[in-house]
Amino acid sequence: MRERRQSSERVFARIERQFPKYTFGGAAVVRPTVQLELVDRLCEAVGRPDDSVSLVTCGTLGVEVAVGLARGIVRARGGKRGAAVLTSDLSYHGMSALTLALAGNHARRPRPEDALGLGPGFPAPYPPTHSHGGAGCDASCAEEVAKAIDARGAEFVAAVLIEPVNGTTGGAYVPPAGYLRRVGEICRERGVLVIHDEVLTGLWRTGEPLASRHWDGCEPDIVILSKGLGAGYTPVAAVMVSPELAPLLRSADADPLPAMGTMAAHPLMAAACLGVLDELEAIDHQALRTRGDTLGAALRSMAGLPGVREVRGLGHLYGVELAPGLLWPVLRQAEQRGVFFYPFTGAGEPRSEGLVVAPPLISTNEDLDFLAAALRGAIDACC
């Protein structure tokens, strides 16, 4: 394995300053000074400065809280007889009974009898699950979302929950231009909220503070962030609600807010996250985008190798789809060369398979060269 730098000095300094003060205290008991600082900094970092934010302990709980908030908003707004949440058949939104049942990850979905009567509502705009007689997907594929809402009845649907860039089910599929914008238009026409699950993609993973920023006109009502906020130092998630909708949650007729958990937003966790934001703000973002382009070019050059079916992605998030039977041998070969990749399985029928390439945002050009050489060597060794 390559020798890597130790933990972030900025994160450590934040934790060190906070630790002697108090490490745990519920916001209802201890004045949440450090948590409020985190909320303000986070909203500024992602360009949603007026949002209201719930801090929770992990991405799965973030999705559950987002679902609860969406249901509360549409009920407070009136006109709903139900509060279903629709997802795509290539989605993954967490590991709880509810989120696994809602989403479309083939490998992790519960048995039919255990799925709570739930399931994905519409096909994702990618060829493995949405065929057009050989034609590729485009913005018009969003009409599948309209069909799904109308089939349920808009009065029974609270929200559409979607990954702006597909994560670990399909392997970094990027939506067609105009797709996310059209989804938003469809939902607004029907009084349905849009929730973006940016647990994996948020905070510069794809080269922008939010993955949805790659396209104009697709701001969601609710955003969920997690992995990039904790950066491995602490389990955390943030659920961000637009300023137009958050007041509905505070109205006298609103449902009680979803429980966020005893350990949610404790001061030491918030301090670590502030250190992560310190690091993210110190990064040269144009250089980060350039390194992402370099990574993409290196990976796409492997598209012609035997056994490689497709390479796709953005920034520091790519999927390399492999021929059937190659995934686990390639992963073993890559590990022997000092690089670990995350596998994806479960796109389409027959199911595709491959690996997710998501190096740290602090990777140097030399690190990325090492990664690309290890992957190419692993593929060559297996073909």
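The values are calculated or read from the model by the stated rules, or taken from the named source; none is laboratory data. None of these values were measured; they are calculated from a predicted model. Quick reminder, even Gly has a Cβ in these numbers, built from the backbone with ideal geometry, and neighbours come from all protein chains shown. These area figures cover heavy atoms from the full protein model, side chains too; ligands, DNA and RNA do not enter into them. Shrake-Rupley method; radii C 1.70, N 1.55, O 1.52, S 1.80 Å.
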(message) Below 22 Å, Cα to Cα, which lysines can Lys147 reach? Residues fewer than 8 away in the same chain don't count.
(response) Lys80
(message) When a/c reaches 1.5 or more, the comparison of a/b and b/c decides; with that in mind, is the range 131-248 rounded, prolate or oblate per its Cα gyration tensor?
(response) oblate
(request) Kindly write out, for the range 318-333 in residue order, the coupling ³J(HN,Hα) from the Karplus curve 6.51 cos²θ - 1.76 cosθ + 1.60 (θ = phi - 60°), rounded to whole Hz, with x marking Gly and Pro. (result) 9, x, 10, 7, 10, 5, x, x, 8, 3, 5, x, 5, 4, 5, 5
(request) Provide Cys137, Cys383 ordered by accessible surface of protein heavy atoms (probe 1.4 Å), highest first. (result) Cys383, Cys137
(request) Roll a 1.4 Å probe over the protein chains and send me the accessible area per residue for the chain in Å². (result) 44
(request) Rounded to the nearest 500, what is the 222 nm mean residue ellipticity of the chain from helices alone, with -39500 (n - 2.57) per DSSP H run of 4+ residues and division by all residues? (result) -11000 deg cm²/dmol
(request) Give the distance, in whole Å, between the Cα centre of the range 333-383 and the Cα centre of the range 167-199. (result) 27
(request) Quick one: which residues, 5+ away or cross-chain, put their amide H under 5 Å from the amide H of Ala347? H built at 1.01 Å from N. (result) Ser352
(request) Just read off the accessible area of Ser7 with the full protein assembly in place, 1.4 Å probe, to the nearest 10 Å². (result) 70
(message) For Glu310, Glu144, Glu219, Glu198, give me the order by solvent-accessible area with a 1.4 Å probe, most accessible first, ignoring ligands, DNA and RNA.
(response) Glu219, Glu310, Glu144, Glu198
(message) What distance in nm separates the two pseudo spin-label positions at Met302 and Ala323, each 7 Å out from Cα along the beta-carbon direction?
(response) 1.6
(request) Can you pull the one-decimal nm distance between simple spin-label points at Ala287 and Arg17, each 7 Å off the Cα toward Cβ? (result) 2.4
(request) Please list Glu208, Glu16, Glu143 in order of solvent-accessible area, largest first, computed with a 1.4 Å probe with all protein chains present. (result) Glu16, Glu143, Glu208
(request) For the range 242-298, just say rounded, prolate or oblate: build the C-alpha gyration tensor, square-root its eigenvalues into a ≥ b ≥ c, call rounded for a/c under 1.5, and beyond that prolate if a/b exceeds b/c, oblate if not. (result) prolate
(request) Calculate the spin-label point distance for Ser7 paired with Glu44, positioning each point 7 Å from the Cα along the beta-carbon direction, and give it in nanometres. (result) 2.6
(message) To check you understand DSSP bridge types, tell me what percent of the beta bridges within the chain (both residues inside) are antiparallel, rounded to 5.
(response) 70
(message) I need the shape label for the chain. Rule: rounded when a/c is under 1.5, else prolate if a/b > b/c, else oblate, with a, b, c from the alpha carbon gyration tensor.
(response) oblate
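Apply 1/(1 + (r/R0)^6) to the Cβ-Cβ distance of Glu185 and Asp114, taking R0 = 22 Å, and write down the FRET efficiency to the nearest 0.05.
Once the sixth-power term is evaluated, E becomes 0.05.
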(request) Mind jotting down the three principal axis lengths of the range 254-383 based on Cα atoms? Whole angstrom, largest first. (result) 55, 37, 27
